[in-house]
Every structure is written in structure tokens, then in C-alpha cells.
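Okay, so here's the structure we're looking at.
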Amino acid sequence: MRPVSVRSLGRGCALLLLAQLAAHAPVSAKRTQAQLTATFKDRAYPAGTPKAESGCTIRFASLVDERRSPEMAGVIGKRGVLAPADSQAWLRAVLGGLESRGIRPAFEAAPAVGPAPPTASLTLQTAWIASTVVTYSANVVLRLQASAPGGATIDRMYRGRVSRTAYWSGGVDTLQSAMDGAFADALDAMAADLKPLCGA
Amino acid sequence: MKALLNLGLCLVLVAAPLGSAAIAAPKNVVEEPARTVAGGRAVQVLVAQAEIKSDINPSNIAVITGGGLLGGLLSAAQNASRTKKAETAIEPLRSALTGFDADALALDTTKTALAETAWMQPAATGFSKDSSLLGKSAQLDAATAAQVAFIEYSYDVSPDFSSIRVVAKVEFANKAVPAAGTAKPESRLSPKNLAYAQSATSIVTLPTPGADLDANAAMWAADGGKVARAAIAQGFAEVGKLLPRTLALTAADIKTMSAKDKKKGVAGGFAGRIQESTGAQTLLWSGAFIDVRPVS
């Protein structure tokens, strides 16, 4: 067995200390605020998952942000998580996730000719990331009100939730990924409800 | 020998809990001369959450294994698993509480509590969800008063979901930056620079908690969250009663409440010296007031 040198012991100790420090100092210890972007990255589906056809168009007539402090999306330790400043752009990006679930969201005015697509309005009620020890939990609550020309309607709340373990990599990417995951959760249920509206 | 000494030092450093660094304790009483502030005192109500929070009992694997990286990783994995379980269990309760306005309760509680403290008449009252260090520092910058009383409320369920807890954390911070020019503005909020820091806690328990977390979650969530709504409202109301008592405390009061003639006890999962105990209600002192009672 090779004798342990003072230098290698010191190096090992330094690495252990760094790891220990990092494990105890996730995103909360940083001095700057964490800024989320008005983007949406859908969850990765396993290879071979059939892609849903975006055959059905739903026109979103209004996107409303009802959060009390729309500038905030969480406080982790002593660090704030800032929501995207442009909530309209954020919600459009999120709704873009409906495409891979078989629904094409449209934000422009209804066409003057041809059958009018079902219309909807979306309200963002909650988008918040909380932390428990080294785990971040993102929660979103969306209210969808939709109606088809045939008379079918939806008025429902959709919840999405995702927890991510930060370990020492807990930067803004982990927070953004948690928030995106929560939205993806809500979109799954929303798309399932919207599909029957297309045939109504 | 040198290697052994280094190994010993390394183990001590790695195993040492990093969070236990000695921190200067802030003042936990507002003495008579500090009650009135030249330039006035503003109040900022903070509720840094959008919905009721869950909580877990943190893993102690790291302690059992003597600290270090492996213990840290195992502990993180166990904490993550517990968080996921608690977040799943709390979902029906959050759905049942949709539309429940705890922010308004926080504002009302503050108004009621401060009305009973003559010297705490605020120059202005604001509300924010940003309780971060930089957020509070910015709120200090924006204040027109010389001091800001931050009253931060939080509400959550206990790890076993047997109780709902409402906590009000009070901090007085001065607008002026200490040692201006050299200190960072956020240093105004460091414990040693706070003019005052205290808290008050209300724990509202289920009258007959179930066997596990899921059973308790179902009781809180039943009937549109009727019991949970009552418990949160009751928790805020109790905190509203404790705040004026907390603000009025003197060093002598604290000495009396901490004296050995006050029996030690445990209620609602918290330990402290029993100040009042009437039937199912218990008021503990553990450096701060903790009121425990069943939902009514």
C-alpha cells in the first residue's frame, strides 16, 4: 500500500471541503437574483415516442396574468427568483408546448372566412418555486376557459408540479427546468381536454 | 505524524456543520429608547409564497455517517424523496385552497396587531413577495422612513400534516448603510446590523390527527379545504395576538419567561418553557412565543 503523502491528503481534503461547501451552498447563497426567461423547454420524451399531429387550432383570445407580484417567481433562501418581465411572451412560449400535444395555439385574430376555431382564454394564477433543503419545487396553476362554435365549453384549473434536486449544480438552469416541467405537467391535462373541443 | 495531524484537521473541517458559524445575535427586544425612530418607521409586509408550503424532517444520514461527501449525497437523496412525497400529498390541499387569499390575511393581521402597539404606528405600509436579501435592500432604498419593520409571514403544514403553522418574523432594519462607503447595502439586513429581530409562531393542530400524512392531508382538504381555511385564519389571528405581546417584551420579561421555575414542555412538535396551558392550548417560550392549539 502506497503511503499517503501530506500533499495528496491536503488535496483530497480541499476537494472534500469544496464539495461540502457546494452541497450546503446551492443557489440560495448567491448574491444576485435568479432571472427566469420567457421561454419554454418541453420535457424530453423517450426516443420513439410518436409525435402528436398539430391538426387542431385553438385561438387564444386573451392571456391574463393574475399573480399578485408578477415580478417574483420564488425566493430560495435569501435569493429571489425573478419571473420573466414579459408575461405575455412567457405564456405564449408555454402554450407553444401544446403543439407537441396535438393542439396548435393561435394568437392572431380569427380568420374572416372559413370556420372559426374554438377560442380560449388563459389565466396564470400561480408560478412559484419553493425550496426544501436542497430540493426545488415549482408549482403552476393555470385557468383555461374555452368554447367551441358548437357550444362545448371548458372552464377548469390546471396544476403542474415538478421537484428538482439541486445538489451543487443548482443554478438558474435548474430553476428554469423546474418551472418548465411544472408547465409541461399542466399542458398534458390541458391538451387532453382541448382535443374534444376541436371535433365539437 | 504530520500526515496524521493533517488528516485529523481535515476530518474536523469536513465534518463540521457549516451552518453553525458564530453569528452575532440581533437584538430581540425593542428597548424604550429604540421604540421611536427619528425619521419614522415604515412597515413592509412580506409573504414569500404563492400557496401553502410543505415541510419535511431533514435527513440526519449525514450526521450518522459522520458528515463528508457521501453522507451529504445520501442525505440530499433522502431529503429529495421526502420533499416529493410531501409535495404530492399537499396537492389536494392546494387545490382545495384555490382562491384563498393569505396575502390579505397577512395585511389584516399586521394592521390589527400594530393597532395595539402605540409606538409602532407606521409612516407607510407596503406589501411584497420578495423577501430576498436584495429585494429587502431595495425596499429599504425605496423607503422614505429612516427604518423599515419587515414583517414576514409564512404558513405551511408540518412534516406529518398534523398541523398548520403560521409564523411571523419581525425585523427592524435601518435605511442608513453602516460604515457608508465601505459596507454593501445588503449588510443593513445582516443579523448584527438589524435593530431588532423576533418571531411569533402559531401551530393549529387537527383535533384527532390520522395515522399518516395522507390521512391528515385528506382531513385538511375535505369539503373545499374547510378545516384548512379555518386553521390558517386561526393561525394568522393567533399570530396577530402574539405580535403586540412580542413587541412589548423587555429583557426582564424574557428573563422571567426563561427562568427555571417555568416547566419545560413539548407541544405541536416544539419544545420550550410553558408560559400558559389551558386545556388543549399551550403557549411556549423558546426564544420566541409558540402558541399551540387545535383548530376550532
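Summing both sides, how much accessible area is buried between A and B? Use a 1.4 Å probe and give Å² to the nearest 100. Walk me through the intermediate numbers first.
Numbers: alone 11390 and 15330 Å², together 23170 Å².
Interface area, both chains combined: 3500 Å², rounded to the nearest 100.
Of the trypsin sites (Lys or Arg not before Pro) found in region B:221-295, those in coil by DSSP whose Cβ has at most 12 other Cβ atoms within 10 Å are B:Lys260, B:Lys263. Here the 3J(HN,Hα) profile of region B:146-154, calculated from phi with Karplus coefficients 6.51, -1.76 and 1.60 at θ = phi - 60°, is 7, 9, 10, 9, 8, 10, 9, 9, 9 Hz, Gly and Pro shown as x.
For B:Leu284, neighbours were defined as the other residues whose beta-carbon sits under 14 Å from its Cβ, and their charges (Lys and Arg +1, Asp and Glu -1) total +4.
Each label was represented as a point 7 Å from its Cα along the Cα-to-Cβ direction; for B:Phe127 and B:Thr278 these points are 3.2 nm apart. How much FRET efficiency would the formula 1/(1 + (r/R0)^6) give for A:Lys195 and B:Leu73, where r is the Cβ-Cβ distance and R0 is 41 Å, rounded to 0.05? About 0.45, to the nearest 0.05.
The 3J(HN,Hα) values that the Karplus relation (6.51, -1.76, 1.60; θ = phi - 60°) gives for region B:269-284 are, in residue order, x, 10, 10, x, 8, 6, 9, 9, 8, 10, x, 8, 9, 9, 10, 9 Hz. Gly and Pro appear as x. If you run the Gaussian network model on chain B, springs between alpha carbon atoms under 10 Å, then out of B:Phe172, B:Phe270, B:Phe150 the most flexible one is B:Phe270. With all protein chains in place and a 1.4 Å probe, the accessible surface of region B:40-182 carries 58 percent carbon and sulfur. In sequence order, region B:205-213 has phi-based couplings of 9, 5, x, 9, x, x, 6, 9, 4 Hz under the Karplus curve 6.51 cos²θ - 1.76 cosθ + 1.60, θ = phi - 60°, and Gly or Pro positions carry x. Label positions at A:Gln88 and B:Lys260, each projected 7 Å from the Cα along the C-beta direction, are separated by 7.1 nm.
The values are calculated or read from the model by the stated rules, or taken from the named source; none is laboratory data. Everything quoted here is computed from the prediction, not taken from an experiment. With ideal geometry, Cβ positions are generated from the backbone for all residues, glycine too; neighbour counts draw on all protein chains shown. Each accessible area value is taken on the protein alone, full model and side chains, heavy atoms only, with ligands, DNA and RNA left out. Shrake-Rupley method; radii C 1.70, N 1.55, O 1.52, S 1.80 Å.
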